[in-house]
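I have placed the structure first, in the form of structure tokens, so that the comments after it can refer back to it.
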Amino acid sequence: MMHPSVERFEKWTRSPTFREELKKLLSKSYLHVRTPRSKAVLRVQAVALEAIREYLNSMGFVELLPPIIGPVTDPGIRGARQASIDFYGHSYKVMSSAILYKQMMATALGRIYIVSPNVRLEPEKTIYTGRHLVEFVQVDVEEAHATYHRAMDVAEGLFKHVVRRVLERAGEELKLLGRSLEVPRGRFERISYDEALGILEKLGCRVDYGTEIPWRCEVVLSAYFEEPFFIYDYPRGSRGFYDREDPERPGILRDFDMLYPEGFGEAISGAEREYEYEKVVERIKEGGEDPRIYGWYLEMLSDGIAPTAGFGIGVERLTRYLCGLEAVWEARPYPKLPGIVSP
Ligand code: AMP
Ligand code: MG
């Protein structure tokens, strides 16, 4: 079932003045942040971040500082543009994700995580999803010699721990926000990409095999579930070059997403990583890019790196779910939205 906030938001996006209203709202972010509602949301978020660190630290993951700029960044950001800065005469990218750095960090330290700010110039139409910010934070988790099923276990344990702590430490805030939450009891369902397409077909959403599930269909699928769930085994071509292809099942990637229930949609993307030089070069070419731009990254792979698996969880989307918010921008004090110029 769709959460009332998600429904309310969808209705709002259909108003002809939606964009104008949004612009006005964001020009006054400094007023919004002082409302009891906003303060409650930010407190819940702080508890969630504390719980994330608590859980990962207890599992032996080492927190590292985030890379902010580099000669290249994650190209697997469907439709979004990367932001550049002038680095002493060289065009450097602002991190769209820390993916290219995670593998070596996990090779070095075994288990790592990074609370990592990302910038993605998302297409303007994504203001209608309620899930896209230009500036957001991902908690990037990576582990050496782990499978993608192990990564799903970590993600599931992490999420449950966060909900438990938010209930213990931010009950008043949830009450103010009118959000009722429960710690999910069972193991999260894990359905394959093929199974997801089958369910979607029954729900009236046709998705062409081999493509990423469009966000509108993702909302429908998410509303069909009552607890978070995983979709795994996406087909090659639908994701970044770093998601590892199953050597025994060519064309299938050893990767996954976790989705929230109630129409809140994607929470997490994760995978085992491609770590062999030749394979990565082939995959980069397949994506239509010149491998030479990934010079330092490929050099690192050719020198040898451990197989790793991990995931990234968006903090604002997590906050949106925990608080039952209409849109993700309520989870940041001064949100930056695609195509909207604001402080
Ligand atoms: P991705 O690598 O694109 O799957 O991103 C990893 C995670 O970061 C997603 O599962 C989301 O939780 C979050 N995320 C990605 N893009 C955005 C965005 N534009 N705004 C907010 N959160 C995002
Ligand atoms: Mg994703």
Report task. Pull up the stretch 254-271, narrow it to residues that are in contact with a Pro (Cβ under 7 Å, 6 or more places away or on another chain) and within 15 Å of ligand 2 (Cβ to nearest atom), then point me to the one that is farthest from ARG179 (Cα to Cα). Result -> MET258
Report task. Answer yes or no: is there a residue in the stretch 260-271 that is within 15 Å of ligand 1 (Cβ to nearest atom), out of contact with any Gly (no Cβ under 9 Å at 6 or more places or on another chain) and not in a loop (DSSP other than H, G, I, E, B). Result -> yes
Requested in this report: Please identify the pairs in which a residue from the stretch 110-124 that is within 17 Å of VAL154 (Cβ to Cβ) has its Cβ atom under 9 Å from the Cβ atom of a residue that is of a type in the set (Asp, Glu) and more than 16 Å from ligand 2 (Cβ to nearest atom), counting only partners at least 6 apart or on another chain.
Outcome: GLY110/GLU143; ARG111/GLU143; ILE112/GLU63; ILE112/GLU143; TYR113/GLU63; ILE114/GLU63; VAL115/GLU63
**Report entry** Check on GLY240, at pLDDT below 95, touching a helix residue (DSSP H, G or I) at 6+ places or on another chain (Cβ under 9 Å) and crowded, with 17+ Cβ neighbours inside 10 Å
**Finding:** yes
**Report entry** Criterion: more than 23 Å from GLU226 (Cβ to Cβ) and within 15 Å of ligand 2 (Cβ to nearest atom) - qualifying residue of GLU122, GLU143
**Finding:** GLU122
Requested in this report: State whether one or more residues within the stretch 54-72 are without any contact (Cβ under 8 Å) to a residue 40 or more places away in the chain, more than 15 Å from ligand 2 (Cβ to nearest atom) and in contact with a helix residue (DSSP H, G or I) (Cβ under 8 Å, 6 or more places away or on another chain).
Outcome: yes
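Listed here are the residues, each with its yes/no results for (1) more than 30 Å from PRO247 (Cα to Cα); (2) part of a helix (DSSP H, G or I); (3) of a type in the set (A, V, I, L, M).
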{"site": "LEU158", "(1), (2), (3)": "no, yes, yes"}
{"site": "VAL162", "(1), (2), (3)": "yes, yes, yes"}
{"site": "LEU174", "(1), (2), (3)": "yes, yes, yes"}
{"site": "ARG179", "(1), (2), (3)": "yes, no, no"}
{"site": "ARG185", "(1), (2), (3)": "yes, no, no"}
{"site": "GLY198", "(1), (2), (3)": "no, yes, no"}
{"site": "ARG206", "(1), (2), (3)": "no, no, no"}
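Yes/no per residue for (1) closer than 30 Å to GLU54 by Cβ; (2) touching a strand residue (DSSP E or B) at 6+ places or on another chain (Cβ under 9 Å); (3) hydrophobic (A, V, I, L, M, F, W, C); (4) modelled with pLDDT under 95:
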site: GLY70; (1), (2), (3), (4): yes, yes, no, no
site: ASP86; (1), (2), (3), (4): no, yes, no, no
site: HIS90; (1), (2), (3), (4): no, no, no, no
site: MET95; (1), (2), (3), (4): yes, yes, yes, no
site: ALA98; (1), (2), (3), (4): yes, yes, yes, no
site: GLN103; (1), (2), (3), (4): yes, yes, no, no
site: TYR113; (1), (2), (3), (4): yes, yes, no, no
site: PRO117; (1), (2), (3), (4): yes, yes, no, no
site: PRO123; (1), (2), (3), (4): no, yes, no, no
**Report entry** the stretch 130-185, residues that are buried (at least 19 other Cβ atoms within 10 Å of the Cβ) and of a type in the set (S, T, N, Q)
**Finding:** GLN138
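The values are calculated or read from the model by the stated rules, or taken from the named source; none is laboratory data. As the structure is a computational prediction, the values presented were derived from the model and not from experiment. Using ideal geometry, Cβ is built from the backbone for each residue, glycine included, and neighbour counts are taken over all protein chains shown.
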